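These notes are about the structure you will find just below.
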Number of protein chains: 2
Amino acid sequence: MSGPLPRGKKRLMSGGRKVTIKDLAAEMELSITTISRALNGYTDVGEETRKKVVAAARKMGYTPNRNAQRLVTQRSHSIAWVQSDDESKFTDPHFVEVMAGVLREAQQSHYDIVLSSEISERQMTTYERYVHDGSVDGFIVDLPRPNDPRITFLLDAGVPFVVHGREERSDRYGWVDVDNYGNFYALAKLVIENGHRKFAFINGDERFLYASTRRRAVEDAVADMGLPPETVLTLEGTHPMGEAGFQLTELALADRDITAFLYSSALMAVEGISAITRAGRKPGTDALIASMNDELRYLNLAPLEGNITLVRSSLRAAGQAMVAEVIRQCERGTVSGTLIPSLFDLGTGVSGESIKGDVLFV
Amino acid sequence: MSGPLPRGKKRLMSGGRKVTIKDLAAEMELSITTISRALNGYTDVGEETRKKVVAAARKMGYTPNRNAQRLVTQRSHSIAWVQSDDESKFTDPHFVEVMAGVLREAQQSHYDIVLSSEISERQMTTYERYVHDGSVDGFIVDLPRPNDPRITFLLDAGVPFVVHGREERSDRYGWVDVDNYGNFYALAKLVIENGHRKFAFINGDERFLYASTRRRAVEDAVADMGLPPETVLTLEGTHPMGEAGFQLTELALADRDITAFLYSSALMAVEGISAITRAGRKPGTDALIASMNDELRYLNLAPLEGNITLVRSSLRAAGQAMVAEVIRQCERGTVSGTLIPSLFDLGTGVSGESIKGDVLFV
DNA sequence: ATCGATGTCCAAAACGTTTTGGAAAGAGCC
DNA sequence: GGCTCTTTCCAAAACGTTTTGGACATCGAT
């Protein structure tokens, strides 16, 4: 009992070769032109022939060779996402959340995501290579910094890309962003309006624009409310992890005048809350807690519900929007910005009464 | 003052075309054969010409078209990693840790990682497509289940792949794994040898092999030590997140006979410890805590140091080993398994004395 | 009958590489 | 001078598609 191995679908020609368009053309006694055009839905092939071609293609297990397609069409249907290989950034849980959105949208649009990591110094060479060797059609740029060289390069190269965030040049490129300024201005205002005269702001890494923007927003709010700059104690977490949230909160707790805590990330907020609890204070009543909530799937905020004021925004939605934007640029040539909506969930303030606030939706 | 835009490096020919090997050949008055062979380090081109070719290629900014190379060589230098789109699995922080290793190794070996997510039902179509359209050379298979259809398919297709874990067929494919059985057998034995007669085992999702193997190991250890099965209360976390660690520990705390807690993941352990603390017991003295430690970068275990027995193993190293294995299969045709080492860090037991144990390194 | 549309089909070129199978020139040897 | 061996180069084929620019009927209208 020897012979060819039984396979679910036959996908190989005799000799172990994969089925090509030529095999299909020979089998059907048609030209490869007709096969190609039938499969790609052109109108210049008869309805009956098209059906037969599609059927035969399925039967023989024909799948067009992606690299041949890419070579001739000059489009790869792939998007690059280059990560910096720095410990702090890369293992950030926020990243996974964005990625979930990126991958979902890519899958639905039949694009591939080419992911790579590279140490900062050599990152630009990776971008150059991808631009010039035709392996991707566009780029996703994450966590922009001021005057980000990646943006400079991509703008100059004239290649499609999207940035997760805005800076000076954001009218010239595609971006997806949350209203960092508006959200944190509103949060700081909320804190002050609820009677707090000194509060801590546990921020993210201010080398990144999202964090420096948030600091500016909080400081502006303090100033606009006619309070002195010392009203807010801003502490910078060099990476947005829980660890920093705990330590920085302990630092802030040393100042007994501080009655409210504003966090840049819910990940830091939960750790901060555990520091506050350990210090013998009750979050939500002894201290007002407010935070950005990026909807990290593995972070359970339910136990805190009601005791914390959150401005919720989906990083996953941002990921989806980014891929959609790059694809639009590739296929329609349009460039646009997308603001991801934020939703306010008000919690409780000092001695448990619920927070007053007018901003419910941004 | 009009004219061509100044560029750092000229990479385009007049007309905006990218520099091809033909342009380079024309410029140098050599054949494209010679250019190609010079650039690829063949010995049949003179040393002087090679130097000149390399210099000219750099000067003109020539980068070989990846898709043309792929078409003619029939190798893509890419590896696919298909994720299931299920919430629970995909947002697992352990995944990011593995990915860090995967990307680092891929970058060093000049391979691209093509990442995609797909709902379970349609996952196999994605695999089929990647196998047949030539877009990748091999696959990474994550979190295998018993009789995993992905393994069946890839084995049948005869394409390079590596699995993060072992099952019945693991002598026929490349794998990378930690000694789940050995580690958890040793941990359970340690718990029992230190005098505990009833303990909880907070396991991961037992639909996955790593978790069912761990359960088997723990149960075997209990039996081998001559104790009844009720000695261990195994609780299954449907996903290996903190949340489950908290809730399942609370469940186990209801049984006052339980004096030790064994966790499948440090992520669950920290949450469990917070539940134990909340219940008024002191981890490390009132209760023995033991756990697997996958070295998640964002998880700070320092505060627990000394009070928890950990078996440490790097998921990042596993990621690196996986990529290396797939590449070896592609380039050398060899298939092999790699066991990632584990290190025991002993903590303290009941009333604070340090844990007794003979297994220090697996 | 002729002409222009219309509906189907196809041969050949093109995409940018690598590889195969030599060719040409010189060196060394008898 | 003829022979082989090396060194250095190259023309042409091949990889598997898509696209261009027709060809060839058929059909209606003139």
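The values are calculated or read from the model by the stated rules, or taken from the named source; none is laboratory data. Quick caveat, the model's predicted, so the values are computed rather than measured. Because the Cβ atoms are built from the backbone with ideal geometry, glycine has one as well, and the counts that use them run over all protein chains shown. Just so you know, the surface numbers come from the protein's heavy atoms only, side chains and all, with ligands and any DNA or RNA stripped out. Shrake-Rupley method; radii C 1.70, N 1.55, O 1.52, S 1.80 Å.
Averaging the Cα positions of each part gives two centres, and for region A:197-264 and region A:101-142 these lie 34 Å apart. Among the residues of A:99-106, the average count of other protein chain beta-carbon atoms within 10 Å of the residue beta-carbon is 4. For chain B, the longest principal axis of the Cα atoms and the long axis of helix B:209-224 meet at an angle of about 30 degrees. Between B:MET124 and B:GLN74, the simple label model (points 7 Å from Cα in the Cβ direction) yields a spacing of 2.7 nm.
Considering every Cα-Cα pair within region A:2-159, what fraction, in whole percent, is farther apart than 21 Å? The proportion of pairs with Cα distances above 21 Å equals 62 percent. When the scattering of chain A is computed by the Debye formula from its Cα atoms alone, each counted once and equally, what is log10 I(q)/I(0) at q = 0.13 Å⁻¹? Log-scaled intensity ratios, in q order: -0.99.
In summary, region B:21-64 shows an alpha-carbon radius of gyration equal to 0.97 times the 2.2 N^0.38 Å reference for compact globular proteins.
If I fit a long axis through the Cα atoms of helix A:315-332 and take the longest principal axis of the Cα atoms of chain A, what angle between them do I get, 0 to 90°, rounded to 10? Compared with the principal axis, the helix lies near 40 degrees.
Of the GluC sites (Glu not before Pro) in region B:123-210, the ones in a loop by DSSP (not H, G, I, E or B) with at most 10 other beta carbons within 10 Å are B:GLU168. Computed over protein heavy atoms with a 1.4 angstrom probe, the accessible surface ordering of B:TRP175, B:TRP81, largest first, is B:TRP175, B:TRP81.
Please identify, among A:SER265, A:SER116, A:SER84, the residue showing maximal mean-square fluctuation in a Gaussian network model of chain A using a 10 angstrom Cα cutoff. Of A:SER265, A:SER116, A:SER84, the most mobile in the Gaussian network model is A:SER116.
Starting from the label point of A:ASP171 at 7 Å along Cα→Cβ, the same points in the other copies fall at 7.0 nm, in ascending order.
Each residue of region A:36-45 was assigned a 3J(HN,Hα) from its phi angle through the Karplus curve 6.51 cos²θ - 1.76 cosθ + 1.60 (θ = phi - 60°); the sequence is 4, 6, 5, 5, 9, x, 7, 8, 8, 10 Hz, with glycine and proline shown as x.
Under 10 Å, Cα contacts only: if you run a Gaussian network model on chain B, which one of B:ALA157, B:ALA188, B:ALA100 comes out with the highest mean-square fluctuation? Fluctuation is largest for B:ALA157. Quick one: with label points 7 Å out along Cα→Cβ, list the inter-copy distances for A:LYS51 in nm, shortest first? For A:LYS51, the other copies' label points sit at 6.9 nm, shortest first.
Proximity of backbone amide H atoms, modeled 1.01 Å from N, is registered between A:LEU233 and A:PHE199, A:ALA200, A:PHE201 at under 5 Å, excluding neighbours fewer than 5 places apart on the same chain. Here the Karplus relation 6.51 cos²θ - 1.76 cosθ + 1.60, evaluated at θ = phi - 60°, turns the backbone of region B:146-154 into coupling constants of x, 6, 4, x, 5, 5, 4, 5, 5 Hz, with x for every Gly and Pro.
Determine the shielding of peptide B:133-141 by partner chains: average, over its residues, the number of Cβ atoms on other chains within 10 angstrom of each Cβ.
Details: counts 8, 9, 9, 2, 0, 0, 0, 0, 0.
The mean count of partner-chain Cβ atoms within 10 Å per residue comes to 3.
The chymotrypsin sites (Phe, Trp or Tyr not before Pro) of region A:116-152 include none that DSSP puts in a loop with a beta carbon having at most 15 other beta carbons within 10 Å.
B:LYS59 contributes about 140 Å² of solvent-accessible surface, heavy atoms of the protein only, 1.4 Å probe. Inter-copy label distances for B:ARG216: 5.9 nm (label point placed 7 Å from Cα along Cα→Cβ; shortest first).
Under a GNM of chain A (C-alpha, springs under 10 Å), which listed residue has the highest mean-square fluctuation: A:GLY195, A:GLY182, A:GLY46? Between A:GLY195, A:GLY182, A:GLY46, it is A:GLY46 that shows the largest mean-square fluctuation.
Taking amide H as placed 1.01 Å from N in the peptide plane, the amide H of B:VAL45 sits under 5 Å from none that are at least 5 places away or on another chain. Along its first, second and third principal axes, ordered by size, region B:165-244 spans 41, 30, 17 Å in Cα coordinates. The trypsin sites (Lys or Arg not before Pro) found in region A:109-191 that occupy coil by DSSP, while having at most 11 further C-beta atoms within 10 Å, are A:ARG172. Sequentially through region B:21-26, phi angles give Karplus couplings (6.51, -1.76, 1.60; θ = phi - 60°) of 5, 5, 4, 5, 5, 4 Hz, Gly and Pro residues having no value and appearing as x.
Counting, for every residue in B:63-76, the Cβ atoms of other protein chains within 10 Å of its Cβ and taking the mean gives 6.
With all protein chains in place and ligands, DNA and RNA left out, the 1.4 Å accessible area ranks A:MET124, B:MET225 as B:MET225, A:MET124, largest first. For chain B, the longest principal axis of the C-alpha atoms and the axis of helix B:180-193 are separated by about 20°.
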